[in-house]
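For reference, the structure is listed below as C-alpha cells.
The values are calculated or read from the model by the stated rules, or taken from the named source; none is laboratory data. This is a predicted model, so every value here is computed, not measured. Every residue, glycine among them, receives a Cβ derived from its backbone with ideal geometry; neighbour counts consider all protein chains shown.
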Amino acid sequence: MMKIFNRALQSEEPLSWFEELYQDSNRDRAMIPWDWRGPHPFVVDWARENKQVGKALVVGCGLGEDAAFLSSLGWEVTAFDISETAIDWAKRIHNESNIKWVVANLLELSDSWMGAFDLVLEVHIIQAIPKEIGQLASNRLAPLVSDSGFLVCIGKLAEPKEDPEGPPWPLSMDEIESIGKRLDNVEIHTSIIPGKESTRYRAVWEKTPNQSLEKPPK
Ligand SMILES: C[S@@+](CC[C@H](N)C(=O)[O-])C[C@H]1O[C@@H](n2cnc3c(N)ncnc32)[C@H](O)[C@@H]1O
C-alpha cells in the first residue's frame, strides 16, 4: 500500500492510489485494509439512537457496508466514492439494495447535492487524505446537509504529540471540531472499539433550519 501511495503522492493525482489499490486487489476483500465487512459500530449505535430516516449521503463509501446498513433501515441512500472499481464492487456485493451508487470526488461535487441530505456520513475518509487536501475535503461536508439534517464523521483520534507518517492521519480534537464549525455540535464521542487498536471518534452536528452555509471556497 505504501508503495502505491508514495507514487501517487509524487504525481499530479495524489488520490489516485485508492483506485489503484482497489484494482490491484482483484476483488479479494482481504486486500482492502479498511474493509471491516460490516457497518461501523459507531454508525450502528447512532442509527439506533436516531430513529428517523430520510435522504442519506455516504461519502467515500468504499465497499458500501455503511450504505447498505442505512438502506436496510429505510434510509434513501446515495453512496459515492472516487474509485470506480470500489463503486462497481460495492454494487455487486449489495446488489439487492436500492442504493444509488455514484463515482464522484468529494472535492468536485454537483451543486444539486448542496443542502440535499438529512444525513451526511463520512467514515475514515478525511483521515485517509493527505492533510493539505484533507482540510479542503472536510470543508465540503457541512454544505451538503439539509435543514435539521445531521453530519456524522467517524475516524481515528490523534494521540497527543503523535506525528504519524500516514495514511491514515488521525485527527486532533481541533481538526475534528473544525469539520462542522458552521453547524451546531451535538456530540463528540470517543472510545476504543473492542478488537481495534487506538481511540476512535464519532462527531455529530445538526444544521439549524435556515442556517446559511455559503458555498465552500473552490
Ligand atoms: C479508508 S477508505 C474508507 C472506506 C469506507 N468509508 C469504509 O469505512 O470502509 C477511504 C475511502 O475514501 C475514498 N476517497 C478518498 N478520497 C476521496 C474523495 N476525494 N472523494 C470520494 N471518495 C474518496 C477512497 O476511494 C476509499 O474508498
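Quick check on segment 130-137. Is at least one of its residues more than 15 Å from the chain's Cα centre (by Cα) and closer than 19 Å to GLU76 by Cα? No, because not a single residue in segment 130-137 is more than 15 Å from the chain's Cα centre (by Cα) and closer than 19 Å to GLU76 by Cα.
Out of curiosity, is ILE126 among the hydrophobic types (A, V, I, L, M, F, W, C), in contact with a strand residue (DSSP E or B) (Cβ under 9 Å, 6 or more places away or on another chain) and closer than 17 Å to SER172 by Cβ? Yes. Just the residues that are within 10 Å of the ligand (Cβ to nearest atom), part of a helix (DSSP H, G or I) and in contact with a Ser or Thr (Cβ under 8 Å, 6 or more places away or on another chain), please, taken from segment 54-90. ALA67 - this is the single residue of segment 54-90 that is within 10 Å of the ligand (Cβ to nearest atom), part of a helix (DSSP H, G or I) and in contact with a Ser or Thr (Cβ under 8 Å, 6 or more places away or on another chain).
Comparison of SER138, SER148, SER83 shows that the only residue that is among the polar types (S, T, N, Q) and surrounded by fewer than 22 Cβ atoms within 10 Å (Cβ to Cβ) is SER148. The residues on offer are ARG37, ARG27, ARG48, and the sole one that is free of Cβ contacts under 8 Å to residues at least 12 places away in the same chain and either among the aromatic types (Phe, Trp, Tyr) or surrounded by fewer than 20 Cβ atoms within 10 Å (Cβ to Cβ) (or both) is ARG48. Inspect all residues belonging to segment 127-137 and state whether any of them is more than 11 Å from the ligand (Cβ to nearest atom), at pLDDT 95 or above and not charged (D, E, K, R). No, because not a single residue in segment 127-137 is more than 11 Å from the ligand (Cβ to nearest atom), at pLDDT 95 or above and not charged (D, E, K, R). For segment 96-113, the condition of being under 17 Å from ASP66 (Cα atoms) and of a type in the set (Ser, Thr, Tyr) holds for at least one residue. For segment 100-126, taking the residues that are among the polar types (S, T, N, Q) and within 30 Å of LYS51 (Cβ to Cβ), the one that is modelled with the highest pLDDT is identified as SER112.
Considering segment 91-149 alone, what residues qualify as being assigned to a strand (DSSP E or B) and touching a residue at least 60 places away in the same chain (Cβ under 8 Å)? Listed by number, the residues that qualify are PHE117, ASP118, LEU119, VAL120, LEU121, GLU122, VAL123, VAL145, SER146, ASP147, SER148, GLY149.
Taken over segment 12-53, the criterion of being farther than 23 Å from ASP88 by Cβ and at pLDDT below 95 is satisfied by GLU12, ARG48, GLU49, ASN50, LYS51, GLN52.
Taking segment 51-62, which residues are aliphatic (A, V, I, L, M) and crowded, with 17+ Cβ neighbours inside 10 Å?
First, pick out the residues of segment 51-62 that are aliphatic (A, V, I, L, M): 53, 56-59.
If the condition is that a residue be aliphatic (A, V, I, L, M) and crowded, with 17+ Cβ neighbours inside 10 Å, then ALA56, LEU57, VAL58, VAL59 are the ones that fit.
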